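The values are calculated or read from the model by the stated rules, or taken from the named source; none is laboratory data. Since the structure is predicted, the reported quantities are computational estimates derived from the model, not experimental observations. A quick note on method: Cβ atoms are made from the backbone with ideal geometry, for glycine too, and the neighbour counts reach across all protein chains shown. The accessibility values were calculated without ligands, DNA or RNA, using every heavy atom of the protein model including side chains. Shrake-Rupley method; radii C 1.70, N 1.55, O 1.52, S 1.80 Å.
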Amino acid sequence: MAVVGLTGGIGSGKSTVARMFGALGVHWVDADDVAREVVDPGTPALKQIAEHFGHDILLPDGGLDRAALRQVVFDAPEERAWLEGLLHPVIREELVRQLHPSDYALPYVLLVSPLLLETDQHQLVDKVVVVDVPVDIQIERTIARDDNARDQVQRIIDAQIPREQRLHKADEVVDNNRPVSEVEHRVDELHNQFMVAFGR
């Protein structure tokens, strides 16, 4: 089965576009959701994180205190490298598992990932679709959605692959700065294209 990667910068509207594909019956997996699932209470990964960083990294309910963990690894590159070394293979394995649903009739599935091009996740996909909006729109949408400060959003954008580079690596682009009806039309167009390209 073919895998189409859907990516875009923060605030570009990846989830909105993914839901449009979903409405057409396309199975989709969100890498952010999987990244959270692999550190749920009781998982081997969470146990290793607690052993490595100490149990202060856990919330009273046994879940991961993401804010505390971010604080620890943000200023310590070697700790971040340790964490990524632990989590990336586990996330990848779970992504592969979820990308192959049983009793599924369409010839392709969708992998939605903000870091598709920054990590080795791009190796899992046959095509790359980039959801694109201008950077100032990314900033405005993210501030409105997450109530983040402008400089914090800018730092997140700076840590992601530059927009031009992302567009350069795209096989297809969805301009999400258009009216919803036009974006839906573009998704329909791409869906029909993938059905033909990957049809068995």
Legend entry - Given (1) in contact (Cβ under 8 Å) with a residue 12 or more places away in the chain; (2) within 28 Å of ARG145 (Cα to Cα), index of the condition ARG80 fails: (1)
Inset, instruction - Filter the stretch 30-44 down to residues that are outside any loop (DSSP other than H, G, I, E, B) and among the charged types (D, E, K, R) and give me whichever is nearest to LEU83 (Cα to Cα). - result: ARG36
Legend entry - Subset of the stretch 2-51 [open to solvent by less than 20 Å² (accessible area, probe 1.4 Å) and of a type in the set (Ser, Thr, Tyr)]: THR7, SER12
Inset, instruction - Spot the failing condition for VAL173; the list is (1) closer than 16 Å to LYS14 by Cα; (2) crowded, with 17+ Cβ neighbours inside 10 Å, and only one is missed. - result: (2)
Inset, instruction - Quickly run through the stretch 84-93 and pick out the residues that are open to solvent by 60 Å² or more (accessible area, probe 1.4 Å) and within 17 Å of GLU118 (Cα to Cα). - result: GLU84, HIS88, PRO89, ARG92
Legend entry - Output for the stretch 156-191, where each listed residue is part of a loop (DSSP other than H, G, I, E, B) and either closer than 14 Å to LEU116 by Cα or touching a His at 6+ places or on another chain (Cβ under 6 Å) (or both): GLN160, ILE161, PRO162, LYS169, ALA170, ASP171
Inset, instruction - Within the stretch 176-196, work out how many residues are of a type outside the set (D, E, K, R), open to solvent by 70 Å² or more (accessible area, probe 1.4 Å) and in contact (Cβ under 8 Å) with a residue 40 or more places away in the chain. - result: 1
Legend entry - Qualifying positions in the stretch 73-83 - modelled with pLDDT under 90 and surrounded by 13 or more Cβ atoms within 10 Å (Cβ to Cβ): VAL73, ARG80
Inset, instruction - Taking VAL153 as the residue in question, decide whether it is within 30 Å of MET1 (Cβ to Cβ), touching a residue at least 60 places away in the same chain (Cβ under 8 Å) and either open to solvent by less than 50 Å² (accessible area, probe 1.4 Å) or touching a strand residue (DSSP E or B) at 6+ places or on another chain (Cβ under 6 Å) (or both). - result: no
Legend entry - The one condition in (1) assigned to a loop (DSSP other than H, G, I, E, B); (2) more than 24 Å from LEU106 (Cβ to Cβ) that VAL26 fails to fulfil: (2)
Inset, instruction - Residue by residue through the stretch 95-115, note down the ones that are under 9 Å from VAL29 (Cβ atoms) and part of a helix (DSSP H, G or I). - result: LEU95, GLN98
Legend entry - Residue list for the stretch 116-155, filter: closer than 24 Å to GLY25 by Cα and either in contact with a helix residue (DSSP H, G or I) (Cβ under 6 Å, 6 or more places away or on another chain) or not in a helix (DSSP H, G or I) (or both): LEU116, VAL125, ASP126, LYS127, VAL128, VAL129, VAL130, VAL131, ASP132
Inset, instruction - Determine whether the stretch 56-72 contains at least one residue that is open to solvent by 80 Å² or more (accessible area, probe 1.4 Å) and touching a residue at least 60 places away in the same chain (Cβ under 8 Å). - result: no
